[in-house]
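To keep things clear, I will list the structure first and then write my remarks on it.
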Number of protein chains: 2
Amino acid sequence: MRTINVCLSPELTHLYDLSDKTVVVVDILRATSCMTTAFAHGIAAIRPVANLEECRELKVQGYITSGERNGEKVEGFDKGNSPFEYMGGEMKGNKIAFTTTNGTQAIEKSKSARELLIGSFLNLSAVVNHLKASSNSAIILCAGWKGRVNLEDTLFAGAVIDALKSNFETPDDAELIALQLYQHTKDNMIEFLGQSSHVKRLNRLKIHKDIAFCLTPDQYDVLPRLVGGELITK
Amino acid sequence: MRTINVCLSPELTHLYDLSDKTVVVVDILRATSCMTTAFAHGIAAIRPVANLEECRELKVQGYITSGERNGEKVEGFDKGNSPFEYMGGEMKGNKIAFTTTNGTQAIEKSKSARELLIGSFLNLSAVVNHLKASSNSAIILCAGWKGRVNLEDTLFAGAVIDALKSNFETPDDAELIALQLYQHTKDNMIEFLGQSSHVKRLNRLKIHKDIAFCLTPDQYDVLPRLVGGELITK
């Protein structure tokens, strides 16, 4: 039977052999939610970039620059880290160079995967349906916060395990922890997340609307995947 | 206010500054449960040792050799990894050289701590009361399984957070995850742990009696701490 693992932090990826697996990278607040939204609104490709300098260099080549550091937009960048910035459709057909505190680092650490996908609540069913149809074993890689485990990515992992538990074996305990957390909080996720370290940090930045949106399942039927260093959906 | 963190795997210790903190090392199944039991029955000291060879060398110096690899007793060692092996009192006043798959490695990784304690359900109140009385911030370090997060150590961390949440701040989300897990499963921990990867592995080794004992709070009022490379209680 295929297996599905939950890796609760990018600092634990070395414990897994990714080479024969589908890795779903998750950074709910807010990188992978933004990426999903951007593709749903016609972006052609997103290049995940580890540092700010590389993003700026890509701007010269015509890329839109997006990203944040410590939850805030980077000075001089075109776009920040709110999904609402990616809805206009005015970027249709363009490419984005995207760097974030945690999300793009998680992608960097899982480049050895057989297949790398971008997951968020916004495209939950697209992720789940793809994993069901694939013959690969899978790993949900939570981006976390600077290496530490976070609630929102663990909750998403739990939602995926909940949907796939009859199709996949769950070899380790991280899957059970994520599943249990999701099952006990899914009916009041926004309230539960109000306790989280990330929401406490972001409270200062007034992004409650973003958080509510990022926790809403199945807004978009897109599934970004990494091909040749860039995320695409085609 | 003092803080208390939960570090869910020894592979995440580098994210924390341990030098000004009390670190409680936890390996419920079964290293720290055995250590607690051994001290309650009169052992003078335990030297945590990373490898089998070093254990064998200490035997020549009069140490009792204890430990396991992959959940099973090591050939030629005096004692294995069941707390019931440490109850007889015949080892009273002796020293043990102890090596295990996860527990002793977790101790090794936290030697920079201001204070290093051994925690288990068996001495839960001793741990909690000490942390309450101390002015140090604290970290509960879960030994996990070969770097991966496990249920039983996370449950213990949740029990400590539950007891201390009005005395300490909990800065990160791992504390909330452990607390939520403990609060929802504390009344049927043995049944819940039946799903865990560790219990599935150990089922083969018939240690259900060990597991039930290792989940029983407050059997012993001892608090092992590391002093000069050895655990003592005096």
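The values are calculated or read from the model by the stated rules, or taken from the named source; none is laboratory data. Source: prediction; values computed, not measured. Backbone-built Cβ (ideal geometry, glycine too); neighbour counts: all protein chains shown. These accessible areas exclude ligands, DNA and RNA; they are computed on the full protein's heavy atoms, side chains included. Shrake-Rupley method; radii C 1.70, N 1.55, O 1.52, S 1.80 Å.
For the range B:147-193, a residue qualifies if it is surrounded by fewer than 18 Cβ atoms within 10 Å (Cβ to Cβ) and either among the acidic types (Asp, Glu) or at the interface with another protein chain (Cβ under 7 Å from one of its Cβ atoms) (or both), and the qualifying residues are B:147, B:162, B:169, B:171, B:184, B:187, B:191. Can you spot a residue in the range B:217-224 that is at the interface with chain A (Cβ under 9 Å from one of its Cβ atoms) and open to solvent by 20 Å² or more (accessible area, probe 1.4 Å)? Within the range B:217-224, none of the residues are at the interface with chain A (Cβ under 9 Å from one of its Cβ atoms) and open to solvent by 20 Å² or more (accessible area, probe 1.4 Å).
Just checking, how many residues over the range B:10-42 are farther than 21 Å from residue B:149 by Cβ and in contact with a strand residue (DSSP E or B) (Cβ under 6 Å, 6 or more places away or on another chain)?
Here is the first cut: in the range B:10-42, the ones farther than 21 Å from residue B:149 by Cβ are B:17, B:19-20, B:22, B:34-42.
Cutting the leftovers down to in contact with a strand residue (DSSP E or B) (Cβ under 6 Å, 6 or more places away or on another chain) gives us B:22, B:35.
The qualifying residues number 2.
Of all the listed residues (A:4, A:46), the sole one being buried (at least 17 other Cβ atoms within 10 Å of the Cβ), touching a strand residue (DSSP E or B) at 6+ places or on another chain (Cβ under 6 Å) and within 14 Å of another protein chain (Cβ to nearest Cβ) is A:4. Every condition in (1) closer than 19 Å to residue B:4 by Cβ; (2) within 13 Å of another protein chain (Cβ to nearest Cβ); (3) of a type in the set (Gly, Ala, Ser) is met by residue B:196 except one, and the failing one is (1). Kindly indicate the residue of the range B:11-38 that is within 28 Å of residue B:80 (Cα to Cα) and either open to solvent by 10 Å² or more (accessible area, probe 1.4 Å) or part of a loop (DSSP other than H, G, I, E, B) (or both) and also nearest to the other protein chains (Cβ to nearest Cβ) among those meeting that condition. Result: B:11.
Close Cβ contacts (under 8 Å, 6 or more residues apart or on different chains) running from residues in the range A:33-59 that are among the basic types (Lys, Arg) to residues that are in a helix (DSSP H, G or I) comprise A:47/A:58. Restricting to the range B:105-136, name every residue that is open to solvent by 50 Å² or more (accessible area, probe 1.4 Å) and aliphatic (A, V, I, L, M). Listed by number, the list holds a single entry, B:133.
Look at the range A:82-100 and say how many of its residues are open to solvent by 10 Å² or more (accessible area, probe 1.4 Å) and either closer than 21 Å to residue A:199 by Cβ or assigned to a loop (DSSP other than H, G, I, E, B) (or both).
Residues of the range A:82-100 that are open to solvent by 10 Å² or more (accessible area, probe 1.4 Å), as a first pass: A:82, A:84-85, A:87-95.
Now narrow it down to the ones that are either closer than 21 Å to residue A:199 by Cβ or assigned to a loop (DSSP other than H, G, I, E, B) (or both): A:82, A:84-85, A:87-94.
Total satisfying the criteria: 11.
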